[in-house]
1. Being out of contact with any Pro (no Cβ under 9 Å at 6 or more places or on another chain) and of a type in the set (Lys, Arg) is the filter here, so list the residues in segment A:73-108 that pass it.
2. Looking for something closer than 22 Å to residue B:104 by Cα and either touching a strand residue (DSSP E or B) at 6+ places or on another chain (Cβ under 7 Å) or surrounded by fewer than 19 Cβ atoms within 10 Å (Cβ to Cβ) (or both) - is there at least one such residue anywhere in segment A:5-22?
3. Could you list, in sequence order, the residues of segment B:53-67 that are small (Gly, Ala, Ser) and surrounded by fewer than 19 Cβ atoms within 10 Å (Cβ to Cβ)?
4. So, in segment B:53-71, exactly how many residues are under 20 Å from residue B:28 (Cα atoms) and assigned to a strand (DSSP E or B)?
5. Does residue B:31 satisfy the criteria of being of a type in the set (D, E, K, R), under 11 Å from the mean Cα position of the chain (by Cα), within 13 Å of chain A (Cβ to nearest Cβ) and surrounded by 14 or more Cβ atoms within 10 Å (Cβ to Cβ)?
6. Scan segment B:38-52 for residues that are surrounded by 12 or more Cβ atoms within 10 Å (Cβ to Cβ), part of a loop (DSSP other than H, G, I, E, B) and free of Cβ contacts under 8 Å to residues at least 24 places away in the same chain and report the count.
7. Tell me which of these residue B:92 doesn't satisfy, since it passes every other one: (1) closer than 25 Å to residue A:59 by Cα; (2) of a type in the set (D, E, K, R); (3) away from chain A (no Cβ under 14 Å).
Amino acid sequence: KAGVTQTPRYLIKTRGQQVTLSCSPISGHRSVSWYQQTPGQGLQFLFEYFSETQRNKGNFPGRFSGRQFSNSRSEMNVSTLELGDSALYLCASRKQGAADTQYFGPGTRLTVL
Amino acid sequence: EDQVTQSPEALRLQEGESSSLNCSYTVSGLRGLFWYRQDPGKGPEFLFTLYSAGEEKEKERLKATLTKKESFLHITAPKPEDSATYLCAVQEGNAGNMLTFGGGTRLMVKP
């Protein structure tokens, strides 16, 4: 069974630009969550989508947004990029049970110059 | 607010030298505690899920245990390929499916 895939794997942008990252969950998984990982803050929850609806949101500014499509694939968008947005962005998928394990993708490494 | 603290931050072991990693947590209602392994530049790889105090799970050289306040990841006779960062995360009952992660323990096993 194929795992979670994320594209692109690496991205370099400049301040003020916007970026869109993509995530394809494991087949049959309907929930997708996004996390940001930085050396200073560790792994932090951004948001979760289930059946095309945002169910939960972390403590991030409105520049961070996402959506989910009918096939469960998800995208996240960051507008007006700042240097501090440089991070590894991880997507995780889950079946749909209350405490089902979240399986992570390889991440997208975003560098903001 | 949920708190997850992992110790030590870094651990250096000789091959075959067993040890334990600690994950202390404070949540109002634990739904699940998860252990992941992360190699440099890669996404976290799932290891174990624990749901209630007293539960234990094993996989090869790893064994995870859970009490009401902490979890331990015991590594028996580690090998160099066990070198990685080990992450602990909790899922709280009233926080949807959000995972709150600890800072991780960076394990180095020398041959």
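1. A:95
2. Start the filter on segment A:5-22 by keeping residues that are closer than 22 Å to residue B:104 by Cα, which leaves none.
No: zero hits.
3. The initial filter retains those residues of segment B:53-67 that are small (Gly, Ala, Ser), namely B:53-54, B:64.
Selection gives B:53, B:54.
4. Pass one, segment B:53-71, residues under 20 Å from residue B:28 (Cα atoms): B:53-55, B:65-71.
From what is left, the residues that are assigned to a strand (DSSP E or B) are B:65-66, B:70-71.
Going through segment B:53-71 one residue at a time, the tally reaches 4.
5. Details: of a type in the set (D, E, K, R): yes; under 11 Å from the mean Cα position of the chain (by Cα): no; within 13 Å of chain A (Cβ to nearest Cβ): yes; surrounded by 14 or more Cβ atoms within 10 Å (Cβ to Cβ): yes.
Against the criterion (of a type in the set (D, E, K, R), under 11 Å from the mean Cα position of the chain (by Cα), within 13 Å of chain A (Cβ to nearest Cβ) and surrounded by 14 or more Cβ atoms within 10 Å (Cβ to Cβ)), residue B:31 does not qualify.
6. Adding up the residues that qualify gives 3.
7. Among (1) closer than 25 Å to residue A:59 by Cα; (2) of a type in the set (D, E, K, R); (3) away from chain A (no Cβ under 14 Å), residue B:92 violates only (3).
Since every read-out is calculated from the coordinates, none of them should be taken as a lab result. Worth saying up front: this structure is predicted, and the values here are computed from it rather than measured. Don't worry about glycine lacking a Cβ; one is built from the backbone with ideal geometry, like all the others, and counts go over all protein chains shown.
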